[in-house]
1. So, in the range 131-161, of the ones that are without any contact (Cβ under 8 Å) to a residue 12 or more places away in the chain and assigned to a helix (DSSP H, G or I), which residue ends up least open to solvent (accessible area, probe 1.4 Å)?
2. So, of the residues in the range 324-342 that are buried (at least 22 other Cβ atoms within 10 Å of the Cβ) and either β-branched (V, I, T) or not in a loop (DSSP other than H, G, I, E, B) (or both), which turns out to be farthest from the ligand (Cβ to nearest atom)?
3. Filter the range 352-362 down to residues that are within 15 Å of the ligand (Cβ to nearest atom) and of a type outside the set (A, V, I, L, M, F, W, C) and give me whichever is surrounded by the most Cβ atoms within 10 Å (Cβ to Cβ).
4. Among the listed residues G50, G44, G61, which satisfies the condition of being more than 18 Å from S233 (Cα to Cα) and small (G, A, S)?
5. In this structure, does G110 turn out to be within 16 Å of the ligand (Cβ to nearest atom) and surrounded by fewer than 17 Cβ atoms within 10 Å (Cβ to Cβ)?
6. Checking the structure you have, find out if any residue of the range 260-283 is surrounded by fewer than 18 Cβ atoms within 10 Å (Cβ to Cβ), modelled with pLDDT under 95, not in a helix (DSSP H, G or I) and not acidic (D, E).
7. Return only the number of the condition from (1) within 16 Å of the ligand (Cβ to nearest atom); (2) open to solvent by 10 Å² or more (accessible area, probe 1.4 Å); (3) in contact with a Cys (Cβ under 6 Å, 6 or more places away or on another chain) that D184 does not satisfy.
8. Quick one: S315 ticks every box in (1) under 30 Å from R71 (Cβ atoms); (2) of a type in the set (S, T, N, Q); (3) in contact with a helix residue (DSSP H, G or I) (Cβ under 8 Å, 6 or more places away or on another chain) bar one, so which box is it?
Amino acid sequence: MGNEKFRFETEAVHSGYCSNEHQGSLVPPLYQTSTFTFSTAEQGERRFAGQEEGFIYSRLGNPTVKILEDRMAKLEKGEAALAFSSGMAAVSAVLTALTKAGDHILCSQGVYGCTFGLLQLLKEKYNINHDFSLMASKEILEEEIRTNTACIYIETPINPTMKLVDLELVARIAKQRCIPVVVDNTFCSPYLQTPISLGCDIVIHSATKYICGHGDVIAGIVVGKSDFIKQVSRTTQKDIGGTISPFDAWLLLRGLKTLPVRMDRHCENANILVEFLRNHPKVEKLYFPGNSDYIDDNKIMHKQMKKPGGVISFSVIGTKETAQLFMNQLQLVKIAVSLGDAETLIQHPATMTHAVVPEDERRKMGINDTLLRLSVGLEAWQDIQEDIEQALKKI
Ligand SMILES: Cc1ncc(COP(=O)(O)O)c(C=O)c1O
């Protein structure tokens, strides 16, 4: 496959796979093997020397994983991709590949809690410093980029405040200084946003979320230029070893086939629930791309996203205990971290996904004690709404 005329929905089903190369099997086969035999000792030598194409050992590559990587590269409009055992394995492989001791990372004003933890670790162990930036204008960026800035790292929408960063603007400024721009595209999936087509260099996914879509895999993906992907594959992935299992890659290939259909439904349900929450007297603030108090976000949303997505954050009037009481009243909606699953999930960032972030930093990121993050699932919106409504009545 790889025909440019196919649309996203078709690529999500077919890209990267040719059944003629696999005994006509309609579905990509699962190569559940740790290693690959060489026909001769010399062939093994050639493969290790990189003089002959072919698989060696599943930490270094596997045919099922390769199909997933090719499909993800196509969907994200990149040249190549690598799959990892978790989103954090992907984030750490990229950041360690791009930086060395003494470097600086410019980061969006808010990131997933464990990414924050990794930035702290890089600072404490290797003197790789970071700053958080709103990245709201050319002037802000030019002031905050340093001579030792090795990369710009962005989440947009930012987890969990749903604030947006203008990717085209950041990519333009970064390009003038040859600084790679890395985007965590977990909240959008390539169906809603393709940062590489906006000039960014590297895309990361927690594939645990929308890419999988069924809540049964922990995985990560990195997409970028072939040379960079080769570099990561031969260094920070091979030697640190956060490789995906073939079975998890196989499950992700299955999940990807329905990504556009699922995303449409997540978005449709979320749009309806946003209207309901926005007008509810017990809801204090609402955070949703294109529908929040953030100045300029509407414009950015229309510029770079196909739809606002399926995650809504909102705060309730009251205290941390009010927010927790509300969560405890929910019957259909499950209390769980993660997002992008068929089930609607709710979590309390201050005590869950962002509990590792010190309180003052958390407040700067806009995470207060009454903020809740709702990952809208695929259930009937009426049932989700009725559950939220009855729980809000009880606080
Ligand atoms: C935006 C974002 N990036 C990265 C990660 C880490 O992914 P994983 O849990 O698959 O390691 C998460 C997890 O929630 C996330 O929300």
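1. Step by step, filter the range 131-161, then rank; the result is I140.
2. If we filter the range 324-342 for residues that are buried (at least 22 other Cβ atoms within 10 Å of the Cβ), which is where we start, we get 326, 333, 339-341.
Going one step further and asking which of them are either β-branched (V, I, T) or not in a loop (DSSP other than H, G, I, E, B) (or both), we end up with 326, 333.
On the way: F326: 22, V333: 18 Å.
Among them, the one singled out is F326.
3. Here is the first cut: in the range 352-362, the ones within 15 Å of the ligand (Cβ to nearest atom) are 352-357.
Imposing the further condition that a residue be of a type outside the set (A, V, I, L, M, F, W, C) reduces the set to 353-354.
Details: T353: 21, H354: 25.
Among residues in the range 352-362 that are within 15 Å of the ligand (Cβ to nearest atom) and of a type outside the set (A, V, I, L, M, F, W, C), the one surrounded by the most Cβ atoms within 10 Å (Cβ to Cβ) is H354.
4. G44
5. On the way: within 16 Å of the ligand (Cβ to nearest atom): yes; surrounded by fewer than 17 Cβ atoms within 10 Å (Cβ to Cβ): no.
Judged against the criteria, G110 is not a match.
6. yes
7. D184 satisfies all of (1) within 16 Å of the ligand (Cβ to nearest atom); (2) open to solvent by 10 Å² or more (accessible area, probe 1.4 Å); (3) in contact with a Cys (Cβ under 6 Å, 6 or more places away or on another chain) except (3).
8. S315 satisfies all of (1) under 30 Å from R71 (Cβ atoms); (2) of a type in the set (S, T, N, Q); (3) in contact with a helix residue (DSSP H, G or I) (Cβ under 8 Å, 6 or more places away or on another chain) except (1).
The values are calculated or read from the model by the stated rules, or taken from the named source; none is laboratory data. On a predicted model such as this, the values are computed, not experimentally measured, just so you know. In this analysis, Cβ positions are derived from the backbone assuming ideal geometry, glycine residues included, and neighbour counts consider all displayed protein chains. We work out accessible area using only protein heavy atoms, side chains counted, and drop any ligands, DNA or RNA first. Shrake-Rupley method; radii C 1.70, N 1.55, O 1.52, S 1.80 Å.
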